[in-house]
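Have a look at the structure below, then the notes.
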């Protein structure tokens, strides 16, 4: 069952207290306010000015039969500074026209997920293209390294102060620059682009989807603290833990709320609400206590009121007798969820559920 004590923990409201709950009030007033609060208190300010960008596309070998593989190098320039990152793009040969696409955000170092075999689990091109999607793996840490004082994009956009952006904000910005390309390359359906990420990349996928309305679906896998999990009352990792180990992921102000979660003006169910009315998927692992899968599930269920505003269905939890059992996914609404047996990881079992959820709809961003 969902931890009963969590149901009684007061959370910041999604909608403006005392204001009419309408699409107009949400889109013109409350939603921009929440987005600004996450910028000011959690992830930092995203630059409004875009860099000059150039693209280079090169074919590469792919061990998957029936798949065309290319590497896109995206180079950004601003104020005499330059940085670049690569994305591996896989397209099914037997499908023509504009296809839906899944962008897997990869901010991890080479020793973890860049091996020839590990990529077929982290971003499996055979599974994704076999389901009729283009797969794109964005190596965002090439333009913003996952370490303190990382060079690259932050040199193009130097910031200071309490609301300076962190690596998660930079990775989300880079993901949107890849989406710029996908929207104009001719082989992608712009209305059906999903962003996906695991762990720190799951946090990035949510923040990217919250800011970039072109994202038709956001998928968070085991993103936990400062991602899909409600912060107040959370077990495992908390703000004090994550800002001690990874302060550079966030704006400096966020660390001030270590041990003071109740004073933070936002909580993560509000971040998930910013995805509405587009598709949202949250995935948890049963042994991932640090992420707190129950807190992830709770946030995913709470954001349903934002979807209801658009006449859409969130998680169907009203009649759920228990916390969803492993391998018993909830796919009926615009918000999906599954719990996998096992530890903190993204597996092919997870991808089976991601692709099933995305494929069941006539379009990623709309109800079937």
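The values are calculated or read from the model by the stated rules, or taken from the named source; none is laboratory data. Keep in mind that what you see is a predicted model, and the values were worked out from it rather than measured. All Cβ positions, glycine included, derive from the backbone under ideal geometry; neighbour counts span all protein chains shown.
Data for the structure
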| item | result |
| --- | --- |
| Any chance residue 58 is out of contact with any helix residue (DSSP H, G or I) (no Cβ under 9 Å at 6 or more places or on another chain), at pLDDT 90 or above and outside any strand (DSSP E or B) | no |
| Residues of the range 262-293 that turn out to be in a helix (DSSP H, G or I) and closer than 24 Å to residue 41 by Cβ, as a count | 8 |
| Residue under evaluation residue 146, criteria (1) in a loop (DSSP other than H, G, I, E, B); (2) modelled with pLDDT of 95 or more; (3) closer than 18 Å to residue 243 by Cβ, criterion not met | (2) |
| Lone unmet requirement of (1) within 19 Å of the chain's Cα centre (by Cα); (2) touching a residue at least 12 places away in the same chain (Cβ under 8 Å); (3) over 20 Å from residue 175 (Cβ atoms) for residue 32 | (2) |
| Residues of the range 14-53 satisfying the condition of being exposed (fewer than 12 other Cβ atoms within 10 Å of the Cβ) and not in a helix (DSSP H, G or I) | 17, 18, 19, 20, 48, 49, 52 |
